[in-house]
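Below is one structure; the comments refer to it alone.
The values are calculated or read from the model by the stated rules, or taken from the named source; none is laboratory data. From a predicted model like this one, the values you see are computed outputs, not experimental measurements. Cβ placement follows ideal geometry from the backbone for every residue including glycine, while neighbour counts extend to all protein chains displayed. These area figures cover heavy atoms from the full protein model, side chains too; ligands, DNA and RNA do not enter into them. Shrake-Rupley method; radii C 1.70, N 1.55, O 1.52, S 1.80 Å.
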Amino acid sequence: MATAPKEADNAIGLEEIHTEKQEPPKGHRTFTVEEAVETIGFGKFHIVLFLIMGSTGVAEAMEIMLIAVVSPLIRCEWQLQDWQVALVTTMVFFGYMVFSIVLGLLADRYGRWKILLLSFLWAAYFSLLTSFAPSYIWFVFLRAMVGGGVSGHAQGLIIKTEFLPTKYRGYMLPLSQVFWLAGSLLIIGLASVVNPTIGWRWLIRIASIPGILLILVFKFIPESARYNISTGNIAAATATLQKIAKMNGAVMPEGVLREPTKERRGRFKDLMHHKYLRTTLQIWIIWLGIAFAYYGVILASTELLERDLVCGSAAPTVQDPGDDSEESRSPCHCHLFGPAAYQTMIISTVGEIALNPLNILGINFLGRRLSLSITMGCTALFFLLLNICTSSTGMIGFLFMLRALVSANFNTIYIYTAEVYPTTMRALGMGTSGSLCRVGAMVAPFISQVLMSASFIGALCLFAAVCIVCAISAFTLPIETKGRALQVCI
């Protein structure tokens, strides 16, 4: 016997419903989740969903971008070499890579909502512990654990994707970048105030607050109806869709919800199925390259500001001959950001939203593949332009455009990956892609923070070459998902 959900004061407050698999009587009219989602349309529920699930991007951006604004301080406090600073970022993404696959498997088997909640609890706990790290080794280990927790935040995007009608996915999902931008600007702004006053440990504690607050509002978001129907939990899926229809002031399709139950979900070998093999391999290449370029830009910006690496020069900033301080004699580079550096970081970060309108138009009119191919090609061009000897204003302009382009790349590949895989393997597809993505992010610090000091143009050419490969891979993807309904199974 199915258990009906309790009515909550909030129109979308839902409790999980566990029921036995039921088959509708023969001859009755039936409909699928896809048909229900399209019939109900876009409304109040989707706005609330967008605000809550989109806000996961604020927490994720603050945790990921934290290293960029903390690196100069831990370099000085623990007298770190270049490779040690780079290793911190690499280990964050190593944790992300490992847990991304595990959490993707679990999400396809046990639900998106549970894994999303678990990932936020995990990330908040280890982030707070990081602020008490007594040594460099403990700092690296704890940040790797934070990366593992953050990897589960992708379930928020999957939940949004699975509830949005087809024609709105190409518009609403790219707008989620606003939340990532807000988180990036917030952590930079906080760093400019907190770092010089009460220190980086308090910055980490403050940065964990948004994630903790979000945990409290997750109860207002239901489990994905597509996931419930894939497990045979028809009553839960029906109740969820009815609540959404009521909140949106719409009506459900006539008949009984019915779709075939898939007993096997979240299997890695499904990604290698002949129908998806080529798509999977090319998606992995693109994710790896996009992350390599994205975090390469962020960390390169930090190095340009911290070391004044312009016009191909790797020479350190000239010290005052009379300055015989311990800092000037240190074998480790120790130069903290000033107000101008933080201002430059804010300006370049704002670039992440600059091309959003054009990106949305490209995604919806040119298609996901062609749009991504164009922005990846432009990213390669601007990496090469960064080598031009120019003024600080010119450098900021190039960084601004690079941040805009790498952000557009991420927008498009997130949407494409969430759309191209069926419900039974969507979380796993996102998880494995996110894992490969972090391989690129793990390599980026050693190019931006180590190789760039030795060969500025060499590092930029490497970034550009990877972007060109990704542009070709995007253009030759075998499936276009623009206007395509989400698939239920292979």
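Descriptive notes on the structure:
- Close amide H pairs (under 5 Å, H built 1.01 Å from N) link Thr30 with Val256, residues at least 5 positions away or on another chain.
- Pairwise Cα separations in the range 30-262 fall into 10 Å bins from 0 onward with the following percentages, short to long: 8, 30, 30, 18, 10, 4, 0.
- For Ile209, solvent-accessible area (1.4 Å; no DNA, RNA or ligand), Å²: 80
- Computed with a 1.4 Å probe on the full set of protein chains, the accessible area for Arg109 sits at about 110 Å².
- Sites Ala250 and Arg484, calculated FRET efficiency, Cβ-Cβ separation with R0 25 Å, nearest 0.05: 0.65
- Multiplying the residue separation of Ile457 and Val217 by 0.36 nm and removing their Cα-Cα distance gives an extension gain of 81.7 nm.
- J(HN,Hα) series, the range 371-376, from Karplus relation 6.51 cos²θ - 1.76 cosθ + 1.60, nearest Hz, glycine and proline x: 4, 5, 4, 5, 5, 5
- The modelled label-to-label distance between Val98 and Arg278, using points 7 Å beyond Cα along the C-beta direction, is 3.6 nm.
- The modelled label-to-label distance for the pair Trp202/Leu366, using points 7 Å beyond Cα in the direction of Cβ, is 4.7 nm.
- Cβ-Cβ distance of Thr39 and Val178, R₀ of 35 Å, FRET efficiency by 1/(1 + (r/R0)^6): the value works out to about 0.75.
- 3J(HN,Hα) from dihedral phi, the range 274-291, Karplus parametrisation 6.51/-1.76/1.60, rounded to Hz, x for glycine, proline: 4, 6, 10, 4, 4, 4, 4, 5, 6, 4, 4, 4, 5, 4, 4, x, 5, 5
- Members of Lys167/Lys219; Lys275/Lys482; Lys246/Lys482; Lys44/Lys167; Lys167/Lys243 lying beyond 25 Å, as alpha-carbon distances in this model show: Lys167/Lys219; Lys246/Lys482
- Extension gain for the segment Phe268 to Gln84, taken as residue separation times 0.36 nm less the Cα-Cα distance, is 62.8 nm to one decimal.
- Inter-probe distance in nm under a simple model that places probes 7 Å from Cα toward Cβ, at Ile346 and Ile472: 4.3
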